[in-house]
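Report on the structure given below.
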Amino acid sequence: MAVTLLFTANEFSATYLRHPVSLPGAVYASAGCVSPLRSSPEMPTISMNVDDVPTPVPELVAALKARAIRLLARREHSRAELKQKLSRKHSADEPLSDELLESVLDQLADEGYQSDQRFAELLIRQRINNGYGELDIAARLKKKGIDKTLAGRVFKQFVAENDVDWYAQCAEVLVTRSEKLQRFNHKGVAGGVDNNDNNDAGVAILMDQRMRNRLIRFLQQRGFKHDQVLYALDHAANESVDH
């Protein structure tokens, strides 16, 4: 429902000459007067809809912070993606200045609500646990807008503290993928096969050039380096033969 603000010409001029805004010509015409920027000793009362009055900055900052905290309560966000979401969800009729957004983001970081370092640590842990390699993780951090220097420092620290072995990680992912392919192999589908049959099927998958190339592409898409992929293939083949 429209709400009307009533004020005199002097009050109007005192307010909007200090903080000039563009108002539709219909506002002045409907009031039966000229623009308030042209002084007149006696002017009628001017009516305005509150939608034409700009939102005070303190109230806008509080609204943006509240929205950001709700987003951060659901999951961690990088500074870059949080800025994008706040800007995208705001009304197009009242665009946000970059300076205002950066100020809000600074407050969130200072108060501990948002942290790029915390976000990077969580992303690295999740991607490793889900079977991804270092190239994938580096690309994902860049995509999320994490500073290159910060990303490199957090990545190296995490790998060192958790003794991450990328060769072993790649080999483990390969075994999991091979077992999945093995279940669709005709021997596995038939049912009632023993361990030796399963091992033979695993060797066959690794020895088949088409399946081997398929596994190589899969591991590369997961972000593992070429030498890590070759190690994983050799390791898996040797393990199958030994068993």
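Please treat every number below as a calculation from the coordinates, not as lab data. Remember, it's a predicted structure, so these values are computed and weren't measured experimentally. All Cβ positions, glycine included, derive from the backbone under ideal geometry; neighbour counts span all protein chains shown.
Quick look at the values:
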| quantity | calculated |
| --- | --- |
| Residue-span extension gain [Gln84 to Arg125] - 0.36 nm each, minus C-alpha spacing | 12.4 nm |
| q = 0.13 Å⁻¹: log10 I(q)/I(0) that the Debye formula gives for segment 57-110, counting C-alpha atoms only | -0.27 |
| Förster radius 45 Å - calculated FRET efficiency between Val57 and Phe218, Cβ distance, rounded to 0.05 | 0.30 |
| Pairwise FRET efficiency - Gln209 versus Asp163, Cβ, R0 = 45 Å, nearest 0.05 | 0.80 |
| Nitroxide proxy distance, nm - points 7 Å out along Cα→Cβ at Asp106 and Asp227 | 4.5 |
| J(HN,Hα) series, segment 145-152, from Karplus relation 6.51 cos²θ - 1.76 cosθ + 1.60, nearest Hz, glycine and proline x | x, 6, 3, 4, 5, 5, 4, x |
| Reachable lysines, given that their alpha-carbon falls under 25 Å from the alpha-carbon of Lys156 and they are not under 8 places away in the same chain | Lys142, Lys143, Lys144, Lys148, Lys225 |
